[in-house]
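Written below as structure tokens is the structure these notes are about.
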Amino acid sequence: MFDPVIAPSGTLLGLLQRGRGDGTLHALTAPRAEALAALNHCVLSDPRHDWQVENRSLYYARLYLDLNGELDAVEAHLFDAEDVLDTEDSRTGLALAVLGHLASYGRRDALELLRRYAAHGSNWAWALDELALRDDDAGLRALAAPVLARFPADPEGDAELAATVRDAFEPRPWRLWAEDPRETIATRVRAAHEAGCFDRWQRQMRPTGPRPGWSVRAVFEWAQQGMDRGAALHVPAARCLVAVAGPEDRPEILRAARDGDDGARCTALRYLADSNDPDALDLVEAAVVDGTAPVVEAAVDAFERMRSVAAVDRARGWAQRPDALGAAAGRVLACRGGTQDRELVLGALREAVRGEGPDAPTLWTLVDGAGRLGIACAAPVLRHVYRETASSHLRGRAARALAATDPSFATGFAVECLWDCEETTREVAARHAETGDARVVERLRRLAVDPAEEDEVQTAVRSRFGPDLAAG
């Protein structure tokens, strides 16, 4: 999947792509055709950088409901000829998830689209998972024959079916079909289930990797073998060292951390850092200076895991470094520093935004740190990150940090956050948004009775209800 092109944050499309609450508020006041065009663009061209962790489907489904939007564009996208050529989940997954939410809200057209796509579309398994949560038994039984027809009645097809049943995210349809009154369907699904269980048992009986009695050298060799084939095994290898290494092995581990091959060096650094070895910090610093890219990354990761007083003290000295270790030091102070480290964390936050922009991965930790340490001077930078980042998760972190640092949050961003795509951001808003705004009161009431809303959000909403809010 290519990185999506995100429109400027001040445009309706840019707001909707980011999943910001202001996107919904602007769409409801824009010409309906313009709003629906922007909404369809988002649903049909997934704007998320990481679709596996960022939420958009409920956000877009609610806007379809508010706009009374037709699903013609979604239907055309799902059944386009491209569906046969591009079978990646990223092409249709968001649209199918939106249809699932719409079906939950009672949109019959969405339910029928899901059924048709489960029977004929390439990403049928996703559609079936959506239906497993929303459709009735009769609707699911009607899909048994077209779904099973996808798997040829030969050994290869049976093996593929067994793997599909074994790995199904939502097992309800398969359990229903295993009890289907049509014997040909029930027999085949039960056989696939049994074959999948047997395959899982066989894999458990053939474990790979370290065995009891391995030596420190054998663990290092295993880690290097993984490195040679492009698999980073130094983290599990370091855990293995905990089991096999004794005090007499420390000199060998120190040598590996200084000048071993990449697999051994990464493993040794991780092990020493997790053990709070007195030489770990010096070895981390040396690895950043002369190590290869994988070694530098492993050294920095190992350092960030350290929670000792010595590690925090060293971070204060490293925070001004213009390299990966300096950036890591800023994150360590953001997580574990004290009030005396506010200026260093603020400096790291500003430098990250200035040098890498509002989507820099390092900002996740630095934004949290600004909120944890209550750095009031960070509010302008946090507001910039909130507005500009394409990551709805990072925006949510910025909102939580602003709640702790910006006195204007309750009457500003907290209001729009009630319409945000991330439930954790809506929860923050429900706890902080100023109820003097009529939009806030109306939105809180709506969230309180919405069956699709998360429990945590509704709990936060209920905590705000008093005699003035409950009235009416």
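The values are calculated or read from the model by the stated rules, or taken from the named source; none is laboratory data. For clarity, every value in this text was computed on a predicted model and none was experimentally measured. Virtual Cβ from ideal backbone geometry, glycine too; neighbours counted across all protein chains shown. The accessibility values were calculated without ligands, DNA or RNA, using every heavy atom of the protein model including side chains. Shrake-Rupley method; radii C 1.70, N 1.55, O 1.52, S 1.80 Å.
Things to note:
- Residue within the stretch 190-212 that is open to solvent by 100 Å² or more (accessible area, probe 1.4 Å) and either modelled with pLDDT of 90 or more or touching a His at 6+ places or on another chain (Cβ under 6 Å) (or both) present: no
- Trp174 fulfils the conditions (1) in a helix (DSSP H, G or I); (2) in contact with a Gly (Cβ under 6 Å, 6 or more places away or on another chain) except for a single criterion, (2).
- When the stretch 1-43 is limited to residues that are more than 18 Å from Val385 (Cβ to Cβ) and under 20 Å from the mean Cα position of the chain (by Cα), the one that is surrounded by the fewest Cβ atoms within 10 Å (Cβ to Cβ) turns out to be Phe2.
- Checked against the criterion of being of a type outside the set (S, T, N, Q) and over 22 Å from Arg387 (Cβ atoms), the candidates Glu351, Glu343, Glu356 yield just one match: Glu343.
- Of all residues in the stretch 289-299, exactly one satisfies the criterion of being surrounded by 16 or more Cβ atoms within 10 Å (Cβ to Cβ) and not in a helix (DSSP H, G or I), namely Gly291.
- Cβ pairs under 8 Å, 6+ apart, first in the stretch 77-103 and within 19 Å of Gln52 (Cβ to Cβ) and touching a residue at least 60 places away in the same chain (Cβ under 8 Å), second small (Gly, Ala, Ser) and open to solvent by less than 10 Å² (accessible area, probe 1.4 Å): His101/Ala61
- Of all residue pairs spaced 6 or more apart or on separate chains, those with beta-carbon atoms under 8 Å, a first member in the stretch 1-29 that is within 25 Å of Thr87 (Cα to Cα) and modelled with pLDDT under 95 and a second member that is open to solvent by less than 30 Å² (accessible area, probe 1.4 Å) and charged (D, E, K, R) are Met1/Asp46; Pro4/Asp46; Pro4/Arg48; Ile6/Arg18.
- Within the option set Ala268, Ala286, Ala273, Ala302, being open to solvent by 30 Å² or more (accessible area, probe 1.4 Å) and part of a helix (DSSP H, G or I) holds for one residue only, Ala286.
- Selection of the stretch 376-407 for residues being open to solvent by less than 10 Å² (accessible area, probe 1.4 Å) and not in a helix (DSSP H, G or I) yields Thr389, Ala390.
- For Glu434, the conditions (1) part of a helix (DSSP H, G or I); (2) farther than 20 Å from Leu28 by Cα; (3) open to solvent by 70 Å² or more (accessible area, probe 1.4 Å) are fulfilled apart from (1).
- Test result for Leu366, crowded, with 23+ Cβ neighbours inside 10 Å, touching a residue at least 24 places away in the same chain (Cβ under 8 Å) and either of a type in the set (A, V, I, L, M, F, W, C) or assigned to a loop (DSSP other than H, G, I, E, B) (or both): yes
- Every pair of residues 6+ apart whose Cβ atoms lie under 7 Å, when the first sits in the stretch 307-334 and is over 18 Å from Pro361 (Cα atoms) while the second is open to solvent by 30 Å² or more (accessible area, probe 1.4 Å) and of a type in the set (Lys, Arg): Arg307/Arg336; Val312/Arg336
- Check on Ser308, within 30 Å of Ala348 (Cα to Cα), of a type in the set (S, T, N, Q) and surrounded by fewer than 16 Cβ atoms within 10 Å (Cβ to Cβ): yes
- Scanning the stretch 48-89 for residues that are among the aromatic types (Phe, Trp, Tyr) and at pLDDT 95 or above, we see that the one that is most open to solvent (accessible area, probe 1.4 Å) is Phe79.
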